[in-house]
Each structure stands twice: as C-alpha cells, then as structure tokens.
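Note sheet for the following structure.
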C-alpha cells in the first residue's frame, strides 16, 4: 500500500521532500555537534561518525548543494500561483501550501552555515589528539 501511494506522489514532491529531510538532518546534526562544544572529545567523536560523508559531500557535491539551496529558496520566494501542481497527492497544490514552503525556505539561509560548519575537518582534531596521546604513552 505504501508503494502504491508512493508511486502516486508527484516526482517534484519526492525530490523536495527528500531534499528538505536531508537538509533538516544536516541542520539538526550541526546543532547537536555545536551543543557539545564544552566536551571537545564528544564533539569530535560525533563529527567523526559522519566525517566520511562530509568529506565526500565537500569534494563531490558542495558546489551543487549550495546552488540547489539557493535555487530552491529563490523558487519559493518568487513562486507564481500559476505553477501550482494540481495533483491530489501534491504538497504544492494550494496557495496555503506555497505560503508554508516560503516560510520554510527561510531556514535555507542557516543550512548553508550548518553545512560549512560540518565540513570543517578541524572538528575531528581533538579525537586525533587523544589517539596520539594514548599511543605515545
């Protein structure tokens, strides 16, 4: 049943939903790591947990991610009601939906800062320093 419903969802909605969930994860994860600033080892450990993906993202898709965020933000801020997707399974089928998306688009400003924060490999240094200190003893 879920697959049947999923097949009825407009592809644009699938893309937007996935992108939104992904950027929300990045934002939440950045907040979690920031909240651990008083414990650098914990902060570094949390960063290392996803560091492989942060490195891959930075090297492979960072530029495209920034362009995507800006494009989506601009699209929502300047959305024309004639562009509504009149589909019973669409998240973009009413003016109210568009107003909600516009409000949510404002958080995209902060996601760029969160992404830059997560791509900062210096967050991993405290754990490396601890490892080196343990190995030198």
Exposure proxy ranking, count of Cβ atoms within 10 Å, fewest first, for 19, 25: 25, 19
How far apart, in nm, are the 7 Å Cα→Cβ label points at residue 75 and residue 59? 2.9 nm
Spherically averaged projected area in nm², based on the convex hull that wraps the Cα atoms of the range 21-63: 3.1 nm²
Between residue 110 and residue 36, what length comes free when the chain is fully extended (0.36 nm per residue of separation minus the Cα-Cα distance, one decimal in nm)? 24.7 nm
Subtract the Cα-Cα distance of residue 119 and residue 15 from 0.36 nm times their separation in residues, and report this length gain in nm to one decimal. 35.1 nm
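Bear in mind these aren't lab numbers, they're just calculated from the coordinates by the rules spelled out. Quick caveat: nothing in here was measured; it's all calculated off a predicted structure. Glycine gets a Cβ as well: all are built from the backbone with ideal geometry, and neighbour counts include every protein chain shown.
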